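Student: Sharing a structure with you now.
The values are calculated or read from the model by the stated rules, or taken from the named source; none is laboratory data. From a predicted model like this one, the values you see are computed outputs, not experimental measurements. Here the Cβ positions follow ideal geometry from the backbone for every residue, glycine too, while neighbour counts run over all protein chains shown. Only protein heavy atoms, including side chains, enter the accessible area calculation; ligands, DNA and RNA are left aside. Shrake-Rupley method; radii C 1.70, N 1.55, O 1.52, S 1.80 Å.
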Amino acid sequence: MSAFAAPADFNIELSDKDYKEIATFVHKTAGINLMDGKKELMRTRLSKRMRSLKFNSFKTYFQYVMNDKSGEEIVFLLDALATNLTSFFREPQHFQFMAKELLPKWEQQRKAKNSRRLRIWSAACSSGEEPYTIAMVALDKSPYFGQGGDFKILATDISTKVLNMAQNGLYGPERTKDIPAQYLQKYFRKTDTAKGDKMYHVSDEMKKIIAFRRFNLMDPLPFKGPLDLIFCRNVMIYFDKETIAKLVEKYYNVLGKGGYLFIGHSESLSGFKHPFKYVAPCIYLKE
Ligand SMILES: C[S@@+](CC[C@H](N)C(=O)[O-])C[C@H]1O[C@@H](n2cnc3c(N)ncnc32)[C@H](O)[C@@H]1O
């Protein structure tokens, strides 16, 4: 650590050289592209972490990151630079499609095989709103899958900070405002914090079916599938074309026949060579 502590409001300068070096590392490690005009974002987000560690130069902080044998500081660096914006029922068309088209079809197919197996992956789950929405919709529209313990949602993200929030499953009124009242009542417990704020805690029923894990989408998949559905929404916008192409291939391989990939509404697979069948905007099928 630097011997000279920076005052709390000290504006730490980021040189073009350090910016490029850190951006190249982040791109190589997490696929996140910070090369184009993200210098100020990098400066402000990392400054906060640097101040808490009493660094006043990006060069020495980055050396510290690289020399940290535990790898923990890399996690902090990526946590600080990832954009985690999310919400319950975000891009509701996907949940409507799931409720109307997929769940009735899957339920009919699985009943014929006497199976209750359902596997869904929320591949960049942020603070948990996406996987909990998936759970609510599936449990509500197809209680069949909720009985028997073979319905599982894997929820992964590169950021440990958001994963901790997701695992806690405690959300305030601002975050829960998009949840329909009947769902809020059925799948959350209202609690009061010590300060007297109203909070909503996810039900044990939902917690039981979701496993939260740290996973970097750049790494080889640590499981084989076959999966029924993958949500990979609003993360590929940060990746370059080559990274997206590789990721989409991994998704294709881990989905079962008849499995679906949902991507974010500002993302598109047009312009890529991929084996999926286009079904509707941001919905792809493995035939
Ligand atoms: C904008 S949020 C999207 C959350 C949710 N899927 C949604 O659409 O609301 C993007 C998430 O992707 C995660 N992320 C970024 N790069 C990643 C990587 N290489 N591997 C896994 N997660 C990553 C970020 O930490 C962040 O939580």
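Student: Grab the eigenvalues of the alpha-carbon gyration tensor for region 189-242, scale each by 5, take roots, and send me the semi-axes largest first in whole angstrom.
Tutor: Taking √(5λ) for each Cα gyration eigenvalue gives 33, 17, 10 Å.
Student: Out of 123, 194, 99, any idea which swings most in a Gaussian network model of the chain, alpha carbons joined below 10 Å?
Tutor: Evaluated over the chain, the most mobile residue of the options is 194.
Student: When you count, for each residue, the other Cβ atoms within 10 Å and take the mean per peptide, how do 199-206, 114-121 rank with the highest first? Before the final figure, lay out the partial values.
Tutor: On the way: 199-206: 16.6, 114-121: 18.5.
The most tightly packed comes first, giving 114-121, 199-206.
Student: Sticking with this one: Binning every alpha carbon pair distance of region 83-180 at 10 Å from zero, what are the percents per bin?
Tutor: Cα pair-distance distribution for region 83-180, in percent: 15, 45, 30, 9, 0.
Student: Which value, in debye to the nearest 20, describes the size of the charge dipole of the chain about its Cα centre when Lys and Arg Cβ atoms bear +1, Asp and Glu Cβ atoms bear -1, and nothing else is charged?
Tutor: Values: 45 positive and 32 negative charges, 159 e Å.
I would put it at about 760 debye.
Student: Then there is this: Let me see the pair-distance distribution of the chain: every alpha carbon pair, 10 Å bin width, integer percents in order.
Tutor: P(r) over the chain, rounded to whole percents: 6, 26, 30, 23, 12, 3, 0.
Student: Can you tell me which lysines have their Cα less than 18 Å from the Cα of residue 190? Leave out same-chain residues fewer than eight positions away.
Tutor: 177, 198, 207
Student: Given H placed on each backbone N at 1.01 Å, which residues far from residue 235 in sequence or on other chains put an amide H within less than 5 Å of it?
Tutor: Correct list: 264.
Student: Excluding residues on the same chain fewer than 8 positions from residue 20, give the aspartates and glutamates whose Cα lies under 15 Å from its Cα.
Tutor: Cα-Cα hits under 15 Å: 36, 40.
Student: Right, here's the next one. Under 10 Å, Cα contacts only: if you run a Gaussian network model on the chain, which one of 84, 56, 67 comes out with the highest mean-square fluctuation?
Tutor: Ranking 84, 56, 67 by mean-square fluctuation puts 67 first.
Student: Further, regarding this structure: Can you list the HN-Hα couplings for region 274-283, worked out from phi with the Karplus curve (6.51, -1.76, 1.60; θ = phi - 60°), rounded to whole Hz and with x for Gly and Pro?
Tutor: 8, x, 6, 9, 6, 10, 7, x, 6, 10
Student: Can you work out the Karplus-derived ³J(HN,Hα) for every residue in region 15-31? Use 6.51 cos²θ - 1.76 cosθ + 1.60 with θ = phi - 60°, whole Hz, and x for glycine or proline.
Tutor: Values per residue, Gly and Pro as x: 6, 4, 5, 5, 4, 5, 5, 5, 4, 5, 4, 5, 5, 5, 7, 10, x Hz.
Student: Here's another thing I want to ask about it. Check residue 229: other-chain or 5+ apart residues with amide H under 5 Å from its amide H, H built from backbone geometry?
Tutor: Hits under the 5 Å cutoff: 119, 121, 260.
Student: Toward the positive end of the charge dipole of the chain, about the Cα centre and with charges on Cβ (Lys, Arg +1; Asp, Glu -1), which of 66, 212, 171 goes farthest?
Tutor: After comparing all options, I get 212.
Student: While we're here: Just the number, please: carbon plus sulfur as a percent of the accessible area of the chain, 1.4 Å probe, no ligands or DNA/RNA counted.
Tutor: Details: 7790 of 14790 Å².
The value for the chain is 53 percent carbon and sulfur by accessible area.
Student: Same structure, new question: How big is the Rg/Rh ratio for region 166-287, C-alpha atoms only, Rh by Kirkwood, two decimals?
Tutor: 1.06
Student: Relative to 2.2 N^0.38 Å, what does the C-alpha radius of gyration of region 1-108 come to as a ratio? Two decimals please.
Tutor: 1.50
Student: Have a look at the DSSP beta bridges in the chain and tell me what percent are antiparallel, nearest 5.
Tutor: Rounded to the nearest five, the antiparallel share is 40 percent.
Student: Got a sec? Charge dipole of region 1-158, +1 on Cβ for Lys and Arg, -1 for Asp and Glu; which of 144, 86, 124 is way out at the positive end?
Tutor: The Cα lying farthest towards the positive end belongs to 144.
Student: Further question: Taking 8 Å as the Cα distance limit and 6 or more residues as the minimum spacing, I'd like the relative contact order of the chain as a percentage.
Tutor: 16
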